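S.K.: Please see the structure below; I have some questions.
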Amino acid sequence: MASNLKADTQGDPTRIATAAEHVKELQDREKIGVIRCDYEYETTRGDAGNAESYYSDSVRLKVEGWTFESVQRGMDPKTKTYPASEFRLKKADGTTDEYWTKLWQCYPDKNGSSDNRKNYSRVTEKITDNKYIEGYFDEEDYTKGEVYRYEPGQLEKNMKVAITTLEEAKVCGVTCDVGYSQAFQTNVKEMAHLPIMLSSLQQLTLVAPLYDVRPTTKNKVLVVTVNSNCFDAEQLIPNDGLAPGVRDSILIVGMQKTIFGSWVAGGNSFSRFKADAFEKASVEEGLESLYGECKALIDGAQKDGGKVVCMVLECAEMPAYSNGFRRRFQIPVYDTMTTVAFLQSGMGFSSSSGFMM
């Protein structure tokens, strides 16, 4: 890069200083926005919610009430409305629900307080209807325990507030710290005035034609998700941009039977090494857990006459393992961080371009 700078400035100090100012101006435009679900755990490098995952500035903020569980439910495809979300602070037997109480108190972050929450209501009766608005808990938890609820319309308003805040922060684009957010892609895109790629899954519309993924070629994309049992392909596989038949060439593998899957489901915080793990979970052990499950499916596809030509990691905690997959499987791997890189590349500085700006 130094030789390019010299060539484009002829080594003139004034021109070099001006070029440096212009480079910084472009680098400042690479700031990425990250909407986070209303969840709390200690993130590790590679997680979309961790500042160390980015070489640029990032603005990360929670959408109040938009819990991981509500993101998993997705949007109602008939009414195009958000799901409801609920927090159970006390169970029917009077004991504290530690998981939900922790989340309730950690707003807008781990140093926050439940006093910062608003526009929710206490519910004393379980709502039973479709899966998008029905209550989360047992009926007696509502009558004898303590449950608070955000209605669908309020969650959508909270999302709009988050997007507006990120726009005011002048981010170059917005992603999310949970892959299931793909179900909200169209809705959020319509309320925003900047590029939106909430989930790594949106990249399927790019990589499928790039690697000629279709039934006749037998080329396949491996989508790795935390839990395939709750992976709603109709909501999570993008419809716009995929050619007919391509969906049949997308293999979905869930990690629910692995150690990694159980850790994520339990909200465990990941350390880098097994020896240092303070909540059992570690990137070191997680890699081996994920690798074995993925290898079995890749080998199985090959035995059936197919070929996995690339991987897309749905879970926003999985970029920590992408380099391991790239080296071991020797195929391209796309994740939340490659989503971010794509959003930034159009606005930021490129060393292969010119310094004459």
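The values are calculated or read from the model by the stated rules, or taken from the named source; none is laboratory data. From a predicted model like this one, the values you see are computed outputs, not experimental measurements. Neighbour counts run over all protein chains shown; Cβ positions are idealised from the backbone, glycine included. For accessibility, only protein heavy atoms count, side chains too; no ligands or nucleic acids. Shrake-Rupley method; radii C 1.70, N 1.55, O 1.52, S 1.80 Å.
S.K.: For the range 219-357, what class follows from the C-alpha gyration tensor (a ≥ b ≥ c being the square roots of its eigenvalues): rounded when a/c is under 1.5, otherwise prolate if a/b is larger than b/c, else oblate? Don't skip to the answer; put the middle values down first.
M.R.: On the way: a/c = 1.72, a/b = 1.13, b/c = 1.52.
Oblate, because a/c is 1.5 or more while a/b does not exceed b/c.
S.K.: Over the residues of the range 109-154, compute the C-alpha Rg and express it relative to 2.2 N^0.38 Å.
M.R.: On the way: Rg = 12.2 Å, N = 46, 2.2 N^0.38 = 9.4 Å.
That ratio works out to 1.30.
S.K.: Give me the Kirkwood hydrodynamic radius of the range 1-109, using the inverse of the mean 1/r over all pairs of distinct Cα atoms, in Å to one decimal. Walk me through the numbers before you get to the answer.
M.R.: Numbers: mean 1/r = 0.0555 Å⁻¹.
The Cα-based Kirkwood calculation yields 18.0 Å.
S.K.: While we're here: Please build a GNM for the chain, connecting alpha carbons under 10 Å apart, and tell me which residue among Ala192, Ala341, Ala296 fluctuates the most.
M.R.: Evaluated over the chain, the most mobile residue of the options is Ala296.
S.K.: What is the Å³ per residue value for the convex hull set by the Cα atoms of the range 24-86?
M.R.: Details: hull volume 6.9 nm³, N = 63.
About 110 Å³ per residue, rounded to a whole number.
S.K.: Right, next: What stretch of the chain, leaving out the sites themselves, is the longest with no trypsin sites (Lys or Arg not before Pro) in a DSSP loop having at most 13 other Cβ atoms within 10 Å? Let's see the in-between values first.
M.R.: Numbers: sites that count: Lys78, Lys80, Lys110, Lys118, Lys131, Lys170, Lys257.
By the stated rule (loop sites, at most 13 other Cβ atoms within 10 Å), 258-357.
S.K.: In whole angstrom, note down how far apart the Cα centers of the range 235-284 and the range 106-124 are.
M.R.: 28
S.K.: Given 10 Å bins starting at zero, what is the percent of C-alpha pairs of the range 279-337 in each, up to the one with the largest pair distance?
M.R.: Whole-percent P(r) values from 0 Å outward: 22, 54, 21, 3, 0.
S.K.: Taking the convex hull of the alpha carbon atoms in the chain, what volume per residue do you get, in Å³? Show your work: numbers first, answer last.
M.R.: Values: hull volume 60.3 nm³, N = 357.
Normalising the Cα hull of the chain by residue number yields 169 Å³.
S.K.: For the range 111-158, which whole percent of the accessible surface, found with a 1.4 angstrom probe, sits on carbon and sulfur atoms? Present the calculation step by step, with values, prior to reporting the outcome.
M.R.: On the way: 1080 of 2920 Å².
Percent of accessible area from carbon and sulfur atoms in the range 111-158: 37.
S.K.: Here is a further query. Taking Cα atoms, how many degrees apart are the long axis of helix 152-168 and the longest axis of the chain, rounded to 10 and kept between 0 and 90?
M.R.: For helix 152-168, the angle is close to 30 degrees.
S.K.: So if I take the alpha carbon set of the range 190-247, get Rg, then get Rh from the Kirkwood formula, what is the Rg over Rh ratio? Let's see the in-between values first.
M.R.: On the way: Rg = 12.7 Å, Rh = 12.8 Å.
Rg/Rh for the range 190-247 comes to 0.99.
S.K.: Let me ask another. Which value results when the Cα radius of gyration for the range 104-231 is divided by 2.2 N^0.38 Å? Don't skip to the answer; put the middle values down first.
M.R.: Working: Rg = 19.1 Å, N = 128, 2.2 N^0.38 = 13.9 Å.
Rg over 2.2 N^0.38 Å, computed on Cα atoms: 1.38.
S.K.: Right, another one. In whole Å, how far is the Cα centre of the range 135-157 from that of the range 285-357?
M.R.: 38
S.K.: Only bridges with both residues in the chain count here: give the DSSP antiparallel percent, nearest 5.
M.R.: For the chain, the DSSP antiparallel bridge percentage is about 30.
S.K.: Here's another thing I want to ask about it. Could you pull out the longest piece of the chain with no exposed loop chymotrypsin sites (Phe, Trp or Tyr not before Pro) in it, calling a site exposed if DSSP puts it outside H, G, I, E, B and it has at most 11 other Cβ atoms within 10 Å?
M.R.: Details: sites that count: Phe273, Phe278.
My reading of the result: 1-272 is the longest stretch.
S.K.: How would the range 87-132 be classified by its alpha-carbon gyration tensor: rounded, prolate or oblate, with rounded meaning a/c under 1.5 and the a/b versus b/c comparison settling the rest? Intermediate results must be reported in sequence, preceding the final value.
M.R.: Values: a/c = 2.17, a/b = 1.42, b/c = 1.53.
Oblate, since a/c reaches 1.5 and b/c is not below a/b.
S.K.: Once both axes come from the Cα atoms, what is the angle between helix 13-28 and the longest principal axis of the chain, in degrees from 0 to 90, rounded to 10?
M.R.: For 13-28 against the chain, the angle is about 20 degrees.
S.K.: Roll a 1.4 Å probe over the protein chains and send me the accessible area per residue for the chain in Å². Don't skip to the answer; put the middle values down first.
M.R.: Working: 17150 Å² over 357 residues.
Ligands and nucleic acids excluded, the figure is 48 Å² per residue.
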